[in-house]
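Please read the structure below before turning to the comments.
The numbers here are math on the coordinates, done by the rules we state, and not lab data. The structure displayed is predicted, hence computed values, not measured ones. Counting neighbours? That spans all protein chains shown, and the Cβs are built from the backbone with ideal geometry, glycine included.
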Amino acid sequence: MEAKVTINGKPAVLRGREDERLRDVLYREGYTSVRDSDDAEGFAGSDTIVLDGRLVYSNLLMLYQADGRSIRTPEGLLRGRAINDVQEAMIRAGVVQSAYNAPEAALALTVLLEKNPDPSRDDIKDALSGIFIRDAGYEHYYMAVDMVKEKRKNGSISTEAAPSFRDNLMYVGKPTGKIDGEALVSGDRLFVEDKVPPHTYTMHVLRSPFAHAYVKSVDISEALKVDGVVDIFTAFNTPAIPYMQAGQGFPEPSPYDRVLINRKVRHVGDRVAAIVAADEETALKAAELVKVEYDPIEPVFTVEEAMADGAPLVHNGKVEYVSGAPDDLDEYNRSADEREEKVIYQFPLHGDIHRNIAASAHGGIGDIEKGFAEADAIVDETYQTSQVQCTPLEPHVCYGHIEGGRLVLSCSTQVPYHVRRIVAKVCEIPENKVHVIKERVGGGYGSKQDILVEDLIGYAVWKTGKPIYYRNTRAEEFYANSTRHPMRMRVKMGGKKDGTITAIYMDVRANTGPYGNHCLTVPMNASSKTLPIFRVDNMYYDLITYYTNIPPTGAYQGYGAPKGYFAIISALGELAMKLGIDPLMMAEKNIVEEGYMLEILKGLGEGREGAVVPVGSCGLREALERGAKLIDWGKKDESPDPDWKIGKGFAMIQQGSGLPGLDHSNAQVKLLTDGTILVLSGGADLGTGLDTISAKVAAEVLKVPLDIVSVVSGDTDSCMFDTGAYASSGTYFSGNASLNAAKDLSRKIIHEAALQMGEKEEDLSIEYPGEVVSKSGRRLSYWKISHDATAGDGRGQLIGTGSFTTPNFAIPYGAHFAEVAVNVKTGEIKVLKFYAIQDAGTPINPELALCQMYGAAMKSIGHTLYEDMVLDKNGKCLTTTFTDYGVPMIEEAPLDFRAELVDINDQYGPFGAKSISEIACNGAAPAIAMAIADATGVWVRSWPITGEKILRGLGKF
Amino acid sequence: MRIYHPASAEEAVRLRHELESSQYIAGGTEIMRLGSSISCDSLIDVTALSLSGIRMEGDEIIIGALTPLEDIRISDIVPAFIREAAASAASLQLRNRATIGGNFALRRADSYMIPALLAAEAEVDIMCTEGPKRKTAATYFGKTGCRALLLAFRIRAGRTGENRRIARSSHAHAAVTGAVSEGTYAYAVSGSGVAWGGKESWKDIAFADDLTGSADYKRYLASVLF
């Protein structure tokens, strides 16, 4: 049909089927800011438009329903290329980060302010009630509205979204806004889906209905006859090249325990066949004609089932070691089943697949038994975390094509160089044949550290020569993606009445699911990011990770630390309660401080001996003191309603800043011919503002205006190698690489200027705005220097190169405090107050840092109270929508929510910076658990903490 | 999918009876939703029938069946507990499209509106093959499979009441929703059913486990809701 509409004030005709989703028609017609995050669930709001003045989900409308109507999309907020004041305010407030639905949020607030120029907090909450924000939280949206009101009243915005740090610096530590903020909030065509040309082929993946089964045969003959089908890939026509999908530095601390399509499926949703076809309808039709014969095996789903005697083996193939093979390997492999894929360890992870063990580790300091013997009280409790999902608004997606004989992949990834390496391996081609372009990432949170779709798309494109676009459905994001490892953690902690902790023991049993992505390192973090925060002489941990048949696990913001902190801080709280002392006093008595030697790190080296280093910059005590003051720690609040009980809790937390000794970053900074600056960073900005960090450090070092610095990043052809954006490495590693490259260019500019000016280098310095100045007062602009350097008789373009590796740790610390109300009659839970206080060193982008703290804390609140992947008895995921899974929306944000930065200057980070966002995932679960126990006397030791569990604890039914 | 556009309520009802696999469509939020409970070959669009709007008639408040939940939420004349029920729909975008008639006709056990309307002892105007009729909302609700077209809801002005909704979060399906109005109680329990009448009418529900919680949990909640 042809629907005659008005779009953004102009008449237009939309063509399509009358029952076609309006969202799809709008996107096809070029309104590409109208996206889809939920496959028409009516939840996430990326498809929000205005229809006849009302905010609606365009995915829930058919084309015919728009006929004769007026439509507004985010494109209508622009005047030419100029953004409106709401969009400007959102950038300034720091909420434009991964930004997949930032244009829709801007549209919602614009409409609100048109109807109500002075909206209340509840009005703003209502306007954003249908827009899911995962990255930046919701708090600064209120600030953005205040900024708009201020600008409309006064003509300008004087409100700063965050405090400034380092008065001696021009850009670093100042809330300048993201350099790509305008493009993102405008809805520019920046994401993978925007790069897909017409007539691109599609892929549909046929997935296993069984949690555990051998694939005996796959008959694709009838499916291949369907007109429009290009090819179908199965376990029987693809190479059996062992690899793994975790995007970790090579050699990886994860086993190579899979091939492209396995002959044994290990979870419901595992790959069985990949159908390449002209369009989705054709692919789905062909999928129905693929005949698969399975030989089901009994599955195991829990750690307890996996460790039981005689448990079915998730992996029973031949085991190989690249290095460090045990002497009895041949004997070990005698029982290997030839139908199964090999398991190859790059180095020993102390796994034992014959007992479903993917990896194990142990270590500690002191004498644990002596420590417990000295204790006045001991707690020994077990804590369980659940399987939770990253839920990026943009699902996993990839577009690939062949260009000039090379494989080109447009990716939404945190690890472009690992994508290149792994895809090259799967395709059996050298890396020079693969070009990976990291497009803007519509949310990653760790799940895009894993190569979950690029391997299959890369292979299919290389084999067929066809351009192919693939996008996970939201349901596939849940059952065929990566999730947080569920973990069972026993913590035994002993302490004295004076608050001294005498010993800590952690027994971590992790569930890695069907494959061993991050099977050592995520669970290790439960100990390696928690024990080093304690100044305790006797500490020990045991760790065993088990294979099971749950949906796959992998990296997720915070890695294993949020789980470890839930267990260890809950145990601290329980111990304090048992001793009858204040848990905060107990914490303050046992925390590390700057200079304390972290002997515990020796046993926490993730497969190798760790380096013992002293605690560097540390704002932990300040964070605890500030949080305690804000929440009025020690004062018991009472509700006028006797059914509502109020309690307080806290958690002290740390993380890391990348992986010293493992991570590696590179950057180049070019002086362009007009004297402007281009940074080529290997770092992958996934919306967090890493590009802005690179721009700021370059502008700071080279003393130029920020707006003459541009950044290209994460393109494997044009940028240099970087291990990727994970483990909180961006600021510390990629930022330091950009810093070093800028310093190198600065030196080269001086050198070139000295030659051009006939001066000595030591007599020259650089000054804002991009000039070399001699002691004699002569000045030479960057433009002149670059022009002459690149002239016919010049000495060549000036390019600075920098790399960064380090043995030094830049550990961020913090403390999160919560006040929670619990209705002891109904089990309802309200987070009344949440205060996140963190030491991020020098926050280079302070407004973005604060929003990342809000966003990470909201994720953690979600994991603690609402989110849960539920499987049926056969391993099928029952929670495949946002609603059923339960992500928090603006209504769930704490009533009083504050994020603050402690002013600490780190000795190793770029301009004193440390990491920011991962650590903010660590505090909510233990702080809320402690607050609930304070309110009700019930310790809930498993995620999610629900009303039902509290009521059971209270003996209500 | 074929879409029909009847010019009258009578024509809509006739089509609904003639077309074996058909459904009425108004806002469409359920029909278009991922995992919709509705599957059919034909849709009968009733949005041209002027069934939207809220007005007073004598001591009754008439709410057109196609009135969006958002219009109910912000109404000056709709009783507060009915407005609160409409406000519990997850988002502004949904409230702007979802209608009171659609929400009631779906008969979902986690409905936003059903307990409030049953507790309010609302009446419904419907169009049947025999012509227009007025029934109690409870009677209509109990007649599953009814092909009549909901035209309007009638609620006595000044009706007072209270809503309770226990859900893990604002967008989650409610485990238990309940309403009480002037001595009439109504309960909707996720995955279990709907009951109304006396305070202990919840005991008529066959409680079952689902994603919102165990049967024991929901039975307990229903017992303490009021």
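If you take the Cα centroid of segment A:807-831 and the Cα centroid of segment A:218-254, the two points sit 43 Å apart.
The mean sequence distance of close C-alpha pairs (under 8 Å, at least 6 residues apart), as a share of the length of segment A:85-193, puts its relative contact order at 42 percent.
Of the cross-linked pairs A:370/A:949; A:153/A:645; A:529/A:578; A:825/A:859; A:589/A:914, which ones have a Cα-Cα span greater than 31 Å in the structure shown?
A:370/A:949; A:153/A:645, as the Cα separations exceed 31 Å there.
Distance from the C-alpha centroid of segment A:518-590 to that of segment A:657-726: 34 Å, rounded to the whole angstrom. Percentage of Cα-Cα pair distances in segment A:147-284 greater than 22 Å, rounded to whole percent? Roughly 65 percent, once rounded to a whole number. Averaging 1/r across all pairs of distinct Cα atoms in chain A and inverting the result yields a Kirkwood radius of 28.9 Å. Which FRET efficiency, nearest 0.05, do residue A:602 and residue A:374 yield, Cβ-Cβ r, R0 35 Å? It comes out at approximately 0.95. With R₀ fixed at 60 Å, the C-beta to C-beta distance from residue A:323 to residue A:29 puts the FRET efficiency at about 0.60. List the trypsin sites (Lys or Arg not before Pro) within segment A:80-146 that DSSP assigns to loop and that have no more than 15 neighbouring Cβ atoms inside 10 Å. When the trypsin sites (Lys or Arg not before Pro) of segment A:80-146 are filtered for loop state and at most 15 Cβ neighbours within 10 Å, A:81 remain. By other beta-carbon atoms within 10 Å, ranking B:160, A:545, A:826, A:159 with the fewest at the front produces B:160, A:159, A:826, A:545. If you take the Cα centroid of segment A:1-75 and the Cα centroid of segment A:405-466, the two points sit 32 Å apart. I need the Kirkwood Rh of segment A:85-193: take the reciprocal of the average 1/r across all distinct C-alpha pairs and report it in angstrom. Hydrodynamic radius (Kirkwood, Cα only) of segment A:85-193 equals 14.4 Å. Give the cross-link partners of residue B:133 among the lysines, using a straight C-alpha distance below 25 Å as the criterion and excluding same-chain residues fewer than 8 apart. Residue B:133 reaches B:143. In summary, the aspartates and glutamates within cross-link reach of residue A:318, defined as a Cα separation below 18 angstrom excluding same-chain residues under 8 places away, comprise A:257, A:327, A:328, A:330, A:331, A:337, A:338, A:340, A:341, A:352.
Restricting attention to segment A:220-282, which trypsin sites (Lys or Arg not before Pro) occupy a DSSP loop and are surrounded by at most 13 other Cβ atoms within 10 Å?
The qualifying sites are A:225.
Within 10 Å of the Cβ of each residue in B:171-181, the mean number of Cβ atoms contributed by other protein chains is 3.
Rounded to the nearest Hz, the phi-derived 3J(HN,Hα) couplings of segment B:100-105 under the Karplus curve 6.51 cos²θ - 1.76 cosθ + 1.60 (θ = phi - 60°) are 5, x, x, 5, 6, 5, where x marks glycine and proline. In loop segments of segment A:586-669 as defined by DSSP, the chymotrypsin sites (Phe, Trp or Tyr not before Pro) with at most 16 further C-beta atoms inside 10 Å of their C-beta are A:596. Quantify how much of the Cα-Cα distance distribution of segment A:17-106 extends past 19 Å, in percent. Of the Cα pairs, 38 percent sit more than 19 Å apart. For segment B:162-224, the Kirkwood estimate of hydrodynamic radius, built from reciprocal distances between every pair of different alpha carbons, is 11.4 Å.
Whole-Hz Karplus values for segment A:460-471 come out as 5, 5, 5, 6, 8, x, 8, x, 10, 10, 9, 9 Hz, taken residue by residue from phi with 6.51 cos²θ - 1.76 cosθ + 1.60 and θ = phi - 60°; glycine and proline positions read x. Over segment A:665-804, calculate the relative contact order: mean separation of alpha carbon pairs under 8 Å at least 6 apart, over the residue count, as a percent. After rounding, I find 34 percent. Taking label positions 7 Å along the Cα-Cβ direction at both residue B:80 and residue A:335, the computed distance is 7.0 nm, reported to one decimal.
At an R0 of 35 angstrom, the distance between the Cβ atoms of residue A:641 and residue A:295 translates into a FRET efficiency of 0.05. Shown here is the pair-distance distribution of segment A:60-132: with all Cα-Cα distances grouped in 5 Å bins from zero up to the longest one, the shares run 3, 14, 22, 25, 19, 11, 5, 1 percent. Once the chain from residue A:873 to residue A:712 is taken as fully extended at 0.36 nm per residue, the excess over their C-alpha distance is 53.2 nm. Taking θ as phi - 60° and the Karplus parameters 6.51, -1.76 and 1.60, the scalar couplings of segment A:174-189 work out to 10, x, 8, x, 6, 5, 9, x, 4, 4, 6, 6, 6, x, 4, 7 Hz in sequence order, x denoting glycine and proline. For the residue pairs A:151/A:743; A:496/A:648; A:178/A:648, the C-alpha atoms sit more than 27 angstrom apart in A:151/A:743; A:178/A:648. Summing charges over all other residues whose Cβ lies under 12 Å from the Cβ of residue A:367, with Lys and Arg as +1 and Asp and Glu as -1, gives -2. Computed on the Cα trace of segment A:654-787, the radius of gyration divided by the Kirkwood hydrodynamic radius gives Rg/Rh = 1.04. Based on C-alpha pairs under 8 angstrom that are at least 6 apart in sequence, chain A has a relative contact order of 13 percent. Multiplying the residue separation of residue A:795 and residue A:542 by 0.36 nm and removing their Cα-Cα distance gives an extension gain of 85.1 nm.
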